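Read-outs: derived from the displayed coordinates by stated rules, not from any lab. Since this is a predicted model, take the numbers as computed values, not measurements. As a convention, Cβ positions derive from the backbone with ideal geometry for all residues, glycine included, and neighbour counts pool all protein chains shown.
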Amino acid sequence: MGFKPFIAAMAVLLAFAGAVRAEPVEIVGLGDSLMAGYGLAPGEGFTDRLAAALAQSGVAVNVINAGVSGDTSSGGLERLDWSVSASADLVILELGANDMLRGIPPDVTRANLDQMIVKLKGRGVAVVLAGMRAAPSMGAEFQAEFDPIYPDLAAAHGVALYPFFLDGVAARPDLLLEDGLHPNAKGVQVMVERMLPSVKEAVAALN
């Protein structure tokens, strides 16, 4: 190889190396007890299982559990600045279930989630919005106001949407704890398997 071709080849390699992340992608799971791992043993929660699944797929990540049991969208908004570090690349935003269970007006939940997405995007942090659905016991009127919150916000802000965080697990006693609300270890595994493609796609979009 002549000198000029060698220099050209080295330039391509250096440019490629510069495009590759030097550090693992930092993912923050900002949510409530569903994210925090309520009732589960260490290592069985969603963030731990997600980190393991991504590692098995060859994706270098650091997944941080910023779930707080009982948290509402209002609580998440209040703690967002210190729950999501400056080094975060991607946030899985999972809040609203407790708003729904407490009967908080859906317009309040919508406004809080909207502000969180605006703040995160303003910091250059990518967002995967994990949706929730109202329980039938809340009534048709509440459902009609609550359920569209997540797809509406995802479309308005151009962020990724995972329509239902408990997809494949809700109303499945074999995949839930005795309270009938929170996933057991098997349920978490189902959640991770179903959401994994969406998270991998979001991570790939960061590069």
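Fewest neighbouring Cβ atoms within 10 Å first, the residues L206, L54, L93 line up as L206, L54, L93. Among the trypsin sites (Lys or Arg not before Pro) in region 104-207, those placed in a DSSP loop whose Cβ has at most 15 other Cβ atoms within 10 Å are R123. Of the labelled figures [x] 18.1; [y] 20.4; [z] 16.7, only one reflects Kirkwood radius over Cα pairs in Å as derived from the coordinates, namely [x].
Please identify the GluC sites (Glu not before Pro) of region 137-207 that satisfy two criteria: DSSP loop assignment and at most 10 other Cβ atoms within 10 Å. Which are they? Intermediate values should be presented prior to the final figure.
Values: sites: E141, E145, E178, E193, E201; in loops: E178.
Sites meeting the loop and neighbour criteria: E178.
Remark: L181, L30, L90, L176 ranked as L181, L176, L90, L30, counting other beta-carbon atoms within 10 Å and listing the fewest first. For region 72-97, backbone nitrogen atoms closer than 17 Å to the point 7 Å from D167 Cα along Cα-to-C-beta are found at 92-95. Taken along the Cα-to-beta-carbon direction at a fixed 7 Å, the label points for A156 and V108 span 1.8 nm. Proximity of backbone amide H atoms, modeled 1.01 Å from N, is registered between G131 and Y162, F164, F165 at under 5 Å, excluding neighbours fewer than 5 places apart on the same chain.
Give, as a single signed number, the net charge of other residues whose beta carbon lies under 14 Å from the beta carbon of D71, with Lys and Arg counted +1 and Asp and Glu -1.
Values: positive: R79, R102; negative: D32, E78, E94, D99.
Residues near D71 contribute -2 overall.
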